[in-house]
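Note sheet for the following structure.
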Amino acid sequence: MKKNPVKLFLAVFTVVSALFFAGCAGKESDTIKIGGIFPLSGKVAVYGVECRQGIELAVEEINAAGGVNGKIIELISEDDEGNPEKSVNAYKKLTTKDRVNVIIGSLTSGCTNAIASLAQSQKKLIIAPAATAPAITENGDYVFRACFTDPFQGTVGGRFVIESLGLKKAAVLYDIGNDYSVGLYENFKAAIEAGGGEIVDAESYSTDDKDFYAQLTKIKNANPEVVYLPDYYATVALIVKQLRSQGINTPIVGADGWDGITSNAGDEVLNGYYSNHYASDSTEPKVVEFVKAYEAKYKTLPASFAALGYDSMYMLKDALLRASDYTDATSIRDALQQTDGSYVTGDLTFDESRNPIKSAVIVQIVKDDAGKLTSVYADTINP
């Protein structure tokens, strides 16, 4: 009987196609895709790169140890340049083209807030490593964060001034157009007053200002014992140079936005302290192991953004192990809410608003034995 070549070709094609797609499906089922959105370029790129590197280190370690129940984690990263509109574009790409159900990111509060309501409405899980604005998790129960919030951090700064430095008269210079800076100032002020101290002067400036001499003259005339500077390191470095040139030699105190200032300022930042998520010189075993692994891979000390990214991935890994269905964002969300573990940035559980309950550390800026500026552990402030 003569065989029909067309029918034979179609039969072979069908078998080959079935085997190919079965192979692809098998490969797909062995991978857990996690989205990542970070500012990898732009003004705050240093934060985004460090955070992604922390996550990549965690993924590498998890996969080397067998993954999650034998399934390999794949991180798909997108750059939002610190721009909320680009954060939304990155989110849409990750959830439609890459079909991820979980995203770590973005980093800044504005960018994270831009995608949080979308994630909530579409039931996609978001873990914000470093977005400290309180409103982030108010978007809904699919939004978590790994960092403490600005109200807590501002309170930590005020308590440190009163309880540890023993000072009562504080001045503040803050960015009136930056929610991060304003929120820190307001909660610092409340903590100072609650501790029996007073704000002797509060001055403001606008984002991108470069000249602070008028405000600093008023602060000097108020004769404070300490000055609180709630802003990011680049702006703080400019302010402190002018502050010291005015003859204001008091201690200066800030928040996690200072992280990186020792590489971007001079001796004028000595006698400076800031609240942070962890201290790289801690002797806690988890911190020691993380710092050693990060230094070996990236040849530099990990900043807090790297530690928060690392912890975000390990919290997610632990939740995936507990989840009844690792492909379902709701199942992972329910498992993540049950977090109760020890991580690089501290022992952590979540409150009812999915904000972590954990301590903050205070680090001091000093010179090391080689005369290089560095930050060292100074104190722990508990919730």
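Per-residue Karplus couplings for region 88-104, computed as 6.51 cos²θ - 1.76 cosθ + 1.60 with θ equal to phi - 60°, are listed in order as 5, 4, 5, 4, 5, 5, 5, 8, 9, 6, 8, 6, 8, 9, 10, 10, 9 Hz, Gly and Pro entered as x. Can you flag which of Lys92/Lys189; Lys71/Lys93; Lys71/Lys297 are past 31 Å Cα-Cα? Too far apart for the 31 Å limit: Lys92/Lys189. For Ile357, the residues whose modelled amide H falls within less than 5 Å of its own, excluding neighbours fewer than 5 places apart on the same chain, are Thr349, Phe350, Asp351.
Using a 1.4 Å probe on the protein chains only, how many percent of the accessible area of region 276-383 belongs to carbon and sulfur?
After summing per-atom areas, the C and S share lands at 46 percent.
If we sort 302-315, 200-213, 229-242, 346-359 on the protection proxy, mean other Cβ atoms within 10 Å, highest first, what's the order?
So the peptides 302-315, 200-213, 229-242, 346-359, ranked by packing, come out 302-315, 229-242, 346-359, 200-213.
Applying a threshold of 20 Å to the alpha-carbon distances of Lys97/Lys317; Lys43/Lys367; Lys210/Lys241; Lys299/Lys372 flags Lys97/Lys317; Lys43/Lys367 as lying beyond it. Given the alternatives [x] 29, 54, 16, 0; [y] 28, 51, 16, 4, 1, 0; [z] 22, 39, 30, 8, 0, P(r) over Cα pairs in 20 Å bins from 0, in percent as computed for this entry is given by [y]. Simple spin-label estimate for Arg322 and Asp211 gives 5.6 nm between the two label positions (7 Å along the Cα-to-Cβ direction from each Cα).
Using alpha-carbon pairs under 8 Å, 6+ residues apart, how would you state the relative contact order of region 212-331 in percent?
Values: 113 pairs, mean separation 22.3, N = 120.
Computed value for region 212-331: 19 percent relative contact order.
Taking the Cα centroid of region 181-220 and of region 44-104, what is the distance between the two, rounded to the nearest whole Å? For region 181-220 versus region 44-104, the Cα centre distance is 36 Å. The slack in the chain from Asp334 to Asp369, taken as 0.36 nm per residue of separation less the alpha-carbon distance, amounts to 7.8 nm. Placing pseudo-labels 7 Å out from each Cα toward the beta carbon at Lys123 and Glu60 gives an inter-label distance of 3.7 nm. Provide the per-residue ³J(HN,Hα) series for region 281-288, in order, calculated from phi with Karplus coefficients 6.51, -1.76, 1.60 and θ = phi - 60°, each as a whole number of Hz, with x at glycine and proline positions. With coefficients 6.51, -1.76 and 1.60, one gets 9, 4, 9, 4, x, 5, 5, 4 Hz.
Return one whole number: the accessible area per residue of the chain in Å², for a 1.4 Å probe. On a per-residue basis, 44 Å².
Split the accessible area of region 90-204 by element, probe 1.4 Å, and carbon with sulfur accounts for 45%. One chain, two ends: Ala45 and Lys168. Fully extended at 0.36 nm per residue, the span grows by 40.6 nm beyond their Cα-Cα distance. Normalised by the number of residues in the chain, the average gap of Cα pairs under 8 Å and 6 or more apart makes the relative contact order 15 percent.
Amide H contacts of Thr380 (H built 1.01 Å from N, in plane; Pro and chain starts excluded): Ile362 sit under 5 Å, all sequence-distant by 5 or more or on other chains.
The values are calculated or read from the model by the stated rules, or taken from the named source; none is laboratory data. Keep in mind the model is a prediction, meaning the values are calculated, not measured. When we count neighbours, we look across all protein chains shown, and the Cβ atoms used for this are built from the backbone with ideal geometry, even at glycine. For accessibility, only protein heavy atoms count, side chains too; no ligands or nucleic acids. Shrake-Rupley method; radii C 1.70, N 1.55, O 1.52, S 1.80 Å.
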